[in-house]
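Please read the structure below before turning to the comments.
The values are calculated or read from the model by the stated rules, or taken from the named source; none is laboratory data. Just so we're clear, the structure is a prediction, and the values are computed from it rather than from any experiment. Cβ placement follows ideal geometry from the backbone for every residue including glycine, while neighbour counts extend to all protein chains displayed. For accessibility, only protein heavy atoms count, side chains too; no ligands or nucleic acids. Shrake-Rupley method; radii C 1.70, N 1.55, O 1.52, S 1.80 Å.
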Amino acid sequence: MKPDTALFGISEMWAAVILAFVATFMWRFLGVMLANRIKTDSFLMIWINALAYAMVAGVLMLILVYPSGILATTPLDYRLGALGLGLLCMVTLKILWLSILVGMGSFALAMYLL
Amino acid sequence: MPYLTLSPAQLVRRGIIEAINVPGFALCSTLIGFGAIAREAGFDIWMTTTTTLLVFGMPGQVAMASLYASGASLLLIFIAVCLANLRMMLMVISGSDLLNLPQHKLPLWKRVLLMQGMAITGWAQLGFKQETIAPNDLLHYYKGFAATIYVFAISGTIIGFHLDNLIPEHVLRIVIFVTPLYLLLLIINAKQTTNKLAVVIGGTLCPLLYPLAGDWAILYAGFVGGTLSAFIIRFASLRADKERS
C-alpha cells in the first residue's frame, strides 16, 4: 500500500480519484458532443457501433481471461468452458435467464465437482 | 416482434424492475470487488465511493486503484484510465443513437447527466431492449434502469469496502463471474449482424493481443474487430444488392 502524500496542497489519493474522473468524463462529454453530429443511418454510425461492441467484448474477455482479484484463483478452462456453454445456449435458444443459469451453473459445478 | 405499448411511467418502472434483477446484482457484486481492491490500496470510504459515483466504469476504477497501490505516477494513472475508458465515447455515441437522443431536444446538461449512467451494463441492456421497446420510448426505460443500477453500484462499493470478508470466497467467485458472463450474453445477442461479428472478432482478438500490447490491446482489438465487421457486412450487403438487381 502506497502512503498518501500531499501534492500541491491536496491529497495525492484525491488527485488520483479526480484524474480518473476527468479521464472518463472527457470521453463521455466528447461522445455527447459528437452524437448530435453523426447521422443515425450513416456508415460512420454503423462503424462506431461496431467499434463499441468490439471494444466492450474485448474488455469483458480480458476480465475473464486475465482476471484480477478472487476470480484469478479459478482455472481458465473452467471460466472459458462455462462461458462457451452459456453462449451456445444463448445463440441456439435465445433465452437470457436460461443462458445465465447454464453458464453460472456449469462454472459452479466445475469449481466444486471437478 | 411488435414494440411494447406502455406509458412513460410504466417504462420507467419496467426499467427499475428489470435492473433489480441480474444486471443490478451482477454489477453490485462486481463493485464489491472494487470496494475491496480500493480498501487494500489504502483509499478511504469517501474516496472509494466518489470514484464509483464519478467514474462509473469498472475497468478504469480498478486501473486507478491498483496502479496507485503499485506506486505509479499520477500521469500514468491518468493515461491508463484514459485508455481503459475510451470506449465510453463510443458507447455514448452508440447509446445516444439507440435512445434517439437528438430527437428529444434535451439541454446539454441533461444529456451529460443521462450519459453519466452510460456504462457497459446500461448500454448492453439498451441494445438488448431495442427489439421490444420503440426507439422514442427507450429513454424512459433507460432512466429507470440506469438510476437503479447506479444505486446498486454505489451499494456494492460500500459493501465491498466494509464487508468483503463476510462473503464466503466460494460464493464471491461465482458472483463475480456472472458480470462478464451476463454482459457477453447480452452483446452476442445484438440485433445487427455487424455488431455480432464485431463481438466475436473483438472478443477473440483482445486476449490474444494482451500479452503483446497490454492495455492497448483493447483499442487494437476494438479497432480491428469493429472495422473488419463493418466492412465485411457492408461488402456482403452491397454484393447481395448487386446480385438481386
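Ordering B:Ser237, B:Ser229 by how much accessible area each has at a 1.4 Å probe, largest first, what is the list? Mind dumping the intermediate values first?
Values: B:Ser237 55, B:Ser229 0 Å².
Sorted descending by solvent-accessible area, the residues read B:Ser237, B:Ser229.
Cross-link list A:Lys94/B:Lys242; A:Lys94/B:Lys105; B:Lys129/B:Lys242; A:Lys39/B:Lys143: which exceed 29 angstrom alpha carbon to alpha carbon?
From A:Lys94/B:Lys242; A:Lys94/B:Lys105; B:Lys129/B:Lys242; A:Lys39/B:Lys143, over 29 Å: A:Lys94/B:Lys242; A:Lys94/B:Lys105; B:Lys129/B:Lys242.
In what sequence, highest mean first, do B:111-117, B:195-201 appear when ranked by Cβ atoms within 10 angstrom?
Details: B:111-117: 20.4, B:195-201: 24.4.
Taking the mean over residues of other Cβ atoms within 10 Å, the ranking is B:195-201, B:111-117.
Evaluate peptide B:236-245: per residue, the Cβ atoms of other protein chains within 10 Å of its Cβ; return the mean as an integer.
Rounded to a whole number, the mean comes out at 0.
Please calculate the 1.4 Å probe accessible area of B:His170, with all protein chains present, and give it to the nearest 10 Å².
That residue has around 90 Å² of solvent-accessible surface.
Leaving ligands and nucleic acids out of the surface, order B:Asp137, B:Asp215 by accessible area at 1.4 Å, largest first. Don't jump to the answer; show the numbers that get you there.
Values: B:Asp137 45, B:Asp215 65 Å².
Descending accessible area places them as B:Asp215, B:Asp137.
Rounded to the nearest 10 Å², what accessible area does B:Glu243 show when all protein chains are kept and the probe is 1.4 Å?
Probe radius 1.4 Å; accessible area of B:Glu243 about 140 Å².
Could you tell me the largest-minus-smallest coordinate of the C-alpha atoms of the stretch B:192-245 on each of the three principal axes, in descending order and whole angstroms?
47, 13, 12
Taking each residue in B:111-120, count the Cβ atoms of any other chain within 10 Å of its Cβ, then average. What number comes out? Display every interim value, and only then the final one.
Numbers: counts 7, 6, 1, 1, 7, 5, 1, 3, 3, 5.
Per-residue shielding by partner chains comes out at 4.
Across peptide A:68-74, what mean number of C-beta atoms from other chains lies inside 10 Å of a residue's C-beta? Intermediate values should be presented prior to the final figure.
On the way: counts 5, 10, 11, 9, 1, 2, 4.
Per residue, the number of nearby Cβ atoms from other chains is 6 on average.
How large is the helix-only mean residue ellipticity at 222 nm for chain A, computed as the sum of -39500 (n - 2.57) over DSSP H runs with n ≥ 4, divided by its residue count, in deg cm²/dmol to the nearest 500? List each step's numbers first, then the result.
Working: 4 runs with 83 residues, N = 114.
Computed mean residue ellipticity for chain A: -25000 deg cm²/dmol.
First obtain the Kirkwood hydrodynamic radius of chain B from its Cα pairs, then insert it into the Stokes-Einstein equation at 20 °C and 1.002 mPa s, and state the resulting D in µm² per second as a whole number. Don't jump to the answer; show the numbers that get you there.
Working: Rh = 19.4 Å.
Diffusion coefficient, whole number: 111 µm²/s.
When we measure straight from the Cα of B:Lys191, which aspartates and glutamates land under 19 angstrom away, once same-chain ones fewer than 8 places off are left out?
Cα-Cα hits under 19 Å: A:Asp41, B:Asp97, B:Glu131, B:Asp137.
Keeping all protein chains in place and using 1.4 angstrom, which order do A:Tyr112, B:Tyr68 fall into by accessible surface area, from largest down?
Numbers: A:Tyr112 105, B:Tyr68 0 Å².
These residues rank, largest area first, as A:Tyr112, B:Tyr68.
Span-like helices, chain B: DSSP H, alpha-carbon axial extent 24 Å or more, mean Kyte-Doolittle -0.5 or greater, which ones?
Working: long enough: B:22-41 (28 Å, 1.19); B:138-163 (36 Å, 1.15); B:169-188 (29 Å, 2.07); B:193-213 (29 Å, 1.10); B:216-244 (42 Å, 0.57).
The qualifying helices are B:22-41, B:138-163, B:169-188, B:193-213, B:216-244.
Which ³J(HN,Hα) values, rounded to whole Hz and listed in residue order, are derived for the stretch A:87-95 from phi using the Karplus coefficients 6.51, -1.76 and 1.60 in 6.51 cos²θ - 1.76 cosθ + 1.60 with θ = phi - 60°, glycine and proline given as x?
Karplus-based 3J(HN,Hα) across the stretch A:87-95 equals 5, 4, 5, 5, 5, 7, 9, 6, 10 Hz.
On the full set of protein chains, 1.4 Å probe, figure out the accessible area of A:Ser42 and give it in Å² to the nearest 10.
30
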